[in-house]
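What follows is a short report on a single structure.
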Amino acid sequence: METFVGIKRLKEKQKEQLIKFESWAEENNWLAFHDAHYDWWMFPIDQPSRLGFAYTVQQDDVDKLKQDAEFMRNYLRGVELLLLSWGWDLKNKCLILSPMENQSWHDWPIRLSKCAQSLELFNCSEALESVLTYGKYLLSIGTDFTFRKVDLSSRFLVNNPQEEN
């Protein structure tokens, strides 16, 4: 199992990927989002993945990254662009009215789940609320959230704290 690449390398990988995201979005190449692999460094979580611990962050890493304004700005922009690739407006918490070709859900429940898990870990409650709302919407239209024989829907079935008020 690979060990953590370190904060410096994680930030470099994230920035490199964000440049690609921005380019794909500018070109309306939404399919590129669906075909690429990036969730490990774009949306780091505190659990190992297929890449071992290479991009697994611990609480002290999260605390340091949260203090880095550029990282957080890039991180949230990455979330916004990922959701745009699926036809979801992160800030307005709704579907995009006139999506472009391939700007739609492409059956990646693991990415949506990791994105939500990462947002929760980084305490990005507003973005998390939008991601959970999108997940709930997908479930409401019958989307299957199974990935490698594991049902990932439970993260999206819980009530958002804001919904209870």
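Overview of results
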read-out	value
Given 14 as the ceiling on other Cβ atoms within 10 Å, longest exposed-site-free region of the chain for GluC sites (Glu not before Pro) in DSSP loops	28-100
Trypsin sites (Lys or Arg not before Pro) within the stretch 47-90, DSSP loop, no more than 10 other Cβ atoms inside 10 Å	Arg50
Computed over the stretch 84-128, Cα set: Rg, Dmax in Å	11.5, 33
Distance violations [Cα-Cα > 20 Å] among Lys15/Lys64; Lys93/Lys149; Lys11/Lys66; Lys114/Lys149; Lys64/Lys93; Lys15/Lys136	Lys93/Lys149; Lys64/Lys93; Lys15/Lys136
Reciprocal mean inverse distance between Cα atoms of the stretch 7-164 - Kirkwood radius, Å	15.9
Options Ser118, Gly142, Gln103, ranked by Cα towards positive dipole end of the stretch 7-164, top entry (Cβ charges)	Ser118
Candidates Thr143, Thr133, Thr56: whichever shows maximal mean-square fluctuation once the chain is modelled as a Gaussian network with Cα springs under 10 Å	Thr143
Which of Val62, Trp24, Tyr75, positive extreme of dipole for the stretch 1-88 (C-beta unit charges)	Val62
Spin-label zone in the stretch 72-95 - amide nitrogen under 19 Å from a point set 7 Å from the Cα of Lys66 along the C-beta vector	72-79
Neighbour-limited loop hits for chymotrypsin sites (Phe, Trp or Tyr not before Pro), the stretch 30-59 (at most 15 other Cβ within 10 Å; DSSP other than H, G, I, E, B)	Phe53
Given charges at beta-carbon only (K, R positive; D, E negative), |dipole| of the stretch 7-164 in Debye	380
Taking Ile141, Ile45, Ile96 and counting other C-beta atoms within 10 Å, the order from fewest to most	Ile141, Ile96, Ile45
Neighbourhood charge, 11 Å Cβ-Cβ cut-off, centred on Leu139 and excluding it, Lys, Arg +1 and Asp, Glu -1	0
Modelled FRET efficiency - R0 30 Å, Ser153 with Ala36, Cβ distances, 0.05 increments	0.80
Relative contact order computed over the chain (Cα-Cα under 8 Å; 6+ residues apart), in percent	21
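Every read-out reported here was derived from the displayed coordinates using simple, explicitly stated rules and does not represent laboratory data. It should be emphasised that the depicted structure is a prediction, and the values quoted were computed from it without experimental measurement. FYI the Cβ positions are ideal-geometry reconstructions off the backbone, even for glycines, and counts take in every protein chain you see.
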